[in-house]
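The values are calculated or read from the model by the stated rules, or taken from the named source; none is laboratory data. All values reported here derive from a predicted model rather than from experimental measurement. Counting neighbours? That spans all protein chains shown, and the Cβs are built from the backbone with ideal geometry, glycine included.
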Amino acid sequence: MKYVIMFTSDPETDAQIPAEQLQEDYARIYQWFTDNADKMADGGAELQSVTTATTVTYGADGPVVVDGPFSEAREVIGGFAIIDVPDLDAAIALVKTWPSLTIPSTSVEIRPMVTDYDQFEP
């Protein structure tokens, strides 16, 4: 089953992490992707800073474009990957090994992908 995993963190907390620790974290992340390449349906991507975000949202007179993310949450999505594993338990087991989970405010959201669009036919 395919899942999207989204890596989230709090930018304020991230800004307090020493550069050396960030370098070490990136090295562990690179190794994690290498070690788990057989479970990756798509390597995904790291996203640029939330300050570069643009959101198009509902407006009474039509779509409205706003700067930044529309979410009211403190955490932001920093990247994503698509994994292909047997079930949710396997996805959870994999995500529990995400290297950045040692950093406060880091989390990984797991969502199953819709792969059968026939269910939406009238």
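So here's what we get for this one:
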item	result
Unmet requirement for residue 62, which otherwise passes all of (1) among the small types (Gly, Ala, Ser); (2) under 16 Å from the mean Cα position of the chain (by Cα); (3) not in a strand (DSSP E or B)	(2)
Residues satisfying the stated conditions in region 20-64, i.e. in contact with a helix residue (DSSP H, G or I) (Cβ under 8 Å, 6 or more places away or on another chain), free of Cβ contacts under 8 Å to residues at least 60 places away in the same chain and among the β-branched types (Val, Ile, Thr)	50
Only listed residue being over 16 Å from residue 10 (Cα atoms), at pLDDT 90 or above and loosely packed, with under 10 Cβ neighbours inside 10 Å, chosen from 122, 63, 112	63
Residue list for region 1-18, restricted to those being among the polar types (S, T, N, Q) and either more than 17 Å from residue 108 (Cβ to Cβ) or in a strand (DSSP E or B) (or both)	8, 9, 16
Residue list for region 72-122, restricted to those being in a loop (DSSP other than H, G, I, E, B), within 22 Å of residue 23 (Cβ to Cβ) and hydroxyl-bearing (Ser, Thr, Tyr)	97, 105, 106
Residue satisfying condition, being aliphatic (A, V, I, L, M), modelled with pLDDT under 85 and surrounded by 14 or more Cβ atoms within 10 Å (Cβ to Cβ), within set 73, 53, 41	53
